[in-house]
Every structure is written in C-alpha cells, then in structure tokens.
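Quick note: the coordinates plus some simple rules give every number you see, no bench work behind them. In this text, all values refer to a predicted model and were calculated from it rather than measured experimentally. Cβ placement follows ideal geometry from the backbone for every residue including glycine, while neighbour counts extend to all protein chains displayed.
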Amino acid sequence: MDRGGVTEELLKAAGRMRRVRLGALFPDISQGEFLALEVIYRYTLIQDKGSKICVSDLAKNMKIASSAVSRMLHTLEERGLISREVDRRDRRNTYVFLTEAGRQKHQDAVDTMDDFLKSVVNRMKEEDIRQLIVLWNELADIIDDELDSRTKGERR
C-alpha cells in the first residue's frame, strides 16, 4: 500500500474513533458535564483541600474558559449534582463540590463506562489489545514529537 493510501486510512480510522457515540451510554449527562464531575472528583482526592475545587482551577484542569465552566456549573447546580460556595476570606473565589447526587451520578457513569469497556475488550484477543495500546502510544509520541518540531520551526 502506498503512503498516501495509509495516510488516508489512518485519517478515516481516526475519524471513526472521534465519531464514536459514547454519549449514547449517558443520555442524561453531556460529555463536558461528566468531565466536570470527574475533574472535581479527582481534584478533591488528590489535593488536600477537603472536598472542593476553585472554579478557576476547574476551568484550568478542563482546559476551557471560566465563563464556559460557569455556565456548565449552573446547569449541574440546577440538577443538584454540585454546590458552590463563596470563599469567606476572598469573595472573588468560588468553590465547587459534588453533592451526594453528584457523587452518585459520577460513580454510575464510571461503572457504566467500565462495564462497556470490559465488554469491548472481551470481544478482542488480549494480545491484540496490548499491541493496540503499544501502537497507539507510539503514534501519540510521534505526533507529539512532530507537532513540537513543526511549532518550533523545524521540519523533518
């Protein structure tokens, strides 16, 4: 197969993976909302800040604008999945934490995804999955390296 054909097939395969509709597993929560719950959950496990995260830290971790995070948090708060509290010492800071319903929604989503991925993995040979992981990581490293070299003005 010529290199052009391989390139086209790689792009098609990547496109198929991007279009996978994992959101269908979670009809009542968007991918962004789940990511917010996940970041809040993980941040509060790792950091020694009790059970809350500053909105600006959440935005930074999610790599989106604070205004977009605020809109999403409004929706999550209306649904009872998170609560917000203003910092008593510095009213410019707002902290976010998962409610019991938010912790349950997060855990349900994690359990659903774990079950789904186990089913997917069980349909392939373990050696094929392991090889896929190796190749995927190798491809990601090459892509990162190539992007770094091109953004620094180099080209191989």
Quiz item: Any residue at all in segment 54-66 that is farther than 28 Å from Ala140 by Cα and not polar (S, T, N, Q)?
Solution: yes
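Sort through Glu126, Glu138 and tell me the only one that's charged (D, E, K, R) and either exposed (fewer than 10 other Cβ atoms within 10 Å of the Cβ) or farther than 22 Å from Val20 by Cβ (or both).
Only one candidate passes the filter, namely Glu126.
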Practice problem: Go through segment 29-93 and tell me which helices (runs of 4 or more DSSP H), entirely inside it, have 3 or more residues that are loosely packed, with under 15 Cβ neighbours inside 10 Å. | Solution: 31-46, 66-78
Self-check item: Condition check for Thr99: touching a helix residue (DSSP H, G or I) at 6+ places or on another chain (Cβ under 6 Å) and not aromatic (Phe, Trp, Tyr)
Solution: no
Quiz item: What number of residues within segment 14-28 are exposed (fewer than 10 other Cβ atoms within 10 Å of the Cβ) and among the hydrophobic types (A, V, I, L, M, F, W, C)?
Solution: 3
